[in-house]
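S.K.: Let me give you the structure first, and then I'll get to my questions.
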Amino acid sequence: MIELSEELLLRMYYKMNQARFFEEKLGELEEKGQVHGTVHLAMGQEAAGVMACLALEEGDLVSLSHRGHAQAIGFGLDVNLMMAECLGKETGYCKGKGGSMHIADVENGNLGANGVVGGGFGLSCGAALTQKYQKTGKVVLCFAGDGATNTGSFHESLNLASIWKLPVVFFIENNHYGMSNPVENHMNVENISDRSEAYNIPGLTIDGNDFLDVYNTVTKALRYARAGKGPVLIEAITYRFSGHSKSDKQLYREEQEVKEWRKKDPLLKMKEYLRENRIFTEKQIQKMENEAIISIEQAVEFAKKSPSPQLDTILADVYA
């Protein structure tokens with residue numbers, strides 16, 4: 001077990017709440033028609049996205065999935081610029097042209113979220129190869145969902161990373177559904193991590209709603225990859241409370257199933273841990289939650305006051 005300081009625990013809980021409130025607010029704004037493009041929410045998956053990124057060291061890189069808001073917040077992206085991007089404003093990370101699924105900050109190590117299922121696998125291998133050649137000692141953390149592990153790029157990338165012993169950790173958020181398709185219907189293995197055996201690399205399945213399990217496992221995997229031993233495949237079992245996207249009527253799952261998973265809410269689990277171990281008082285816990293809410297309200301205000309992209313710059317920074 002890796003020892004966690006109070007400062008780190010505070011940052012963990014704050015960022016998990018930030019991620020939850022960011023998405024709740026984003027969902028509200030989408031309902032009002034103020035968000036350009038579709039939005040894929042990950043409420044219920046905060047421990048997986050936030051904790052995996054908090055395990056990274058300064059200078060490490062990350063490739064996000066299309067359901068990547070919690071991942072981005074865990075990596076340290078500015079919620080003001082994230083919200084501005086989602087609302088299509090010029091002050092956003094991609095000047096309002098990328099939207100929710102394409103938030104990137106390459107200069108600071110975020111290779112970008114990706115609207116293409118499995119689009120980050122090859123990208124992460126390329127970035128990891130660069131780290132190996134330049135001997136930077138840095139690792140790439142690659143996020144994807146369970147459905148992405150059925151793509152050719154997943155298997156090609158794991159094979160390549162294994163052969164060349166690339167410093168990359170593949171982190172799969174298994175939320176049980178590839179869009180509306182239950183995971184047991186689209187793969188014939190008990191665990192996604194079992195697929196690591198084909199490439200002779202370590203494969204681990206963890207509780208993606210347990211912040212300690214995620215943080216400890218990813219920290220050890222990053223150390224393994226950083227030591228030049230090659231890639232690691234991690235499967236984090238989690239659950240999304242909302243549908244695949246706004247248009248999802250969720251006819252493929254029972255309401256009771258969602259209720260049962262809400263009892264395993266990662267925010268509730270971490271709050272209980274903080275209480276039971278008397279790490280923070282109720283007043284301190286409430287203060288962190290309130291500060292997280294305020295930060296998101298301020299992000300919305302920042303985004304709404306930001307200018308929209310000008311018509312004469314609409315083709316700038318866009319590849320044709």
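The values are calculated or read from the model by the stated rules, or taken from the named source; none is laboratory data. In this text, all values refer to a predicted model and were calculated from it rather than measured experimentally. Glycine gets a Cβ as well: all are built from the backbone with ideal geometry, and neighbour counts include every protein chain shown. SASA here: full protein model, heavy atoms, side chains in, ligands and nucleic acids out. Shrake-Rupley method; radii C 1.70, N 1.55, O 1.52, S 1.80 Å.
One line per residue, one yes/no per condition, for (1) of a type outside the set (S, T, Y); (2) free of Cβ contacts under 8 Å to residues at least 60 places away in the same chain; (3) open to solvent by 30 Å² or more (accessible area, probe 1.4 Å):
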residue: H176; (1), (2), (3): yes, no, yes
residue: I192; (1), (2), (3): yes, yes, no
residue: A227; (1), (2), (3): yes, yes, yes
residue: E235; (1), (2), (3): yes, no, no
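S.K.: Also, I was wondering about something else. Just for segment 128-162: of the residues that are of a type in the set (V, I, T) and over 22 Å from the mean Cα position of the chain (by Cα), which one is surrounded by the fewest Cβ atoms within 10 Å (Cβ to Cβ)?
M.R.: Among them, the one singled out is T136.
S.K.: For the subset of segment 247-281 comprising residues that are of a type in the set (A, V, I, L, M, F, W, C) and touching a residue at least 40 places away in the same chain (Cβ under 8 Å), which member is nearest to F21 (Cα to Cα)?
M.R.: Step by step, filter segment 247-281, then rank; the result is L267.
S.K.: Would you be able to tell me the number of residues in segment 210-225 that are without any contact (Cβ under 8 Å) to a residue 24 or more places away in the chain and among the β-branched types (V, I, T)?
M.R.: Of the residues in segment 210-225, 1 are without any contact (Cβ under 8 Å) to a residue 24 or more places away in the chain and among the β-branched types (V, I, T).
S.K.: In addition: Just for segment 263-314: of the residues that are surrounded by fewer than 10 Cβ atoms within 10 Å (Cβ to Cβ) and not polar (S, T, N, Q), which one is nearest to N175 (Cα to Cα)?
M.R.: K263
S.K.: Could you list, ordered by first residue, the pairs with Cβ atoms under 7 Å in which the first is in segment 306-318 and of a type in the set (A, V, I, L, M) and the second is part of a loop (DSSP other than H, G, I, E, B), at least 6 apart or interchain?
M.R.: V318/K97
S.K.: For segment 54-93, which residues satisfy the criterion of being at positive phi and touching a Cys at 6+ places or on another chain (Cβ under 9 Å)?
M.R.: G76
S.K.: Might you check whether a residue that is among the β-branched types (V, I, T), over 14 Å from the mean Cα position of the chain (by Cα), modelled with pLDDT under 95 and in a loop (DSSP other than H, G, I, E, B) occurs anywhere in segment 100-116?
M.R.: For segment 100-116, residues among the β-branched types (V, I, T), over 14 Å from the mean Cα position of the chain (by Cα), modelled with pLDDT under 95 and in a loop (DSSP other than H, G, I, E, B): present.
Let's see how each residue does on (1) open to solvent by 30 Å² or more (accessible area, probe 1.4 Å); (2) closer than 30 Å to A221 by Cα; (3) in contact (Cβ under 8 Å) with a residue 12 or more places away in the chain:
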{"site": "E3", "(1), (2), (3)": "yes, yes, no"}
{"site": "E23", "(1), (2), (3)": "no, yes, yes"}
{"site": "L29", "(1), (2), (3)": "no, no, yes"}
{"site": "L41", "(1), (2), (3)": "no, yes, yes"}
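S.K.: Quick check on A47: is it more than 23 Å from E85 (Cβ to Cβ) and part of a helix (DSSP H, G or I)?
M.R.: Yes, satisfied.
S.K.: Give just the number: which of (1) touching a residue at least 12 places away in the same chain (Cβ under 8 Å); (2) more than 23 Å from E197 (Cβ to Cβ) does G126 not satisfy?
M.R.: (1)
S.K.: If a residue must be hydroxyl-bearing (S, T, Y) and open to solvent by 10 Å² or more (accessible area, probe 1.4 Å), how many such residues does segment 12-21 contain?
M.R.: 1
S.K.: I'd like the full set of residues that are under 17 Å from K25 (Cβ atoms) and either open to solvent by 20 Å² or more (accessible area, probe 1.4 Å) or of a type outside the set (A, V, I, L, M) (or both), limited to segment 92-112.
M.R.: G92, G99, S100
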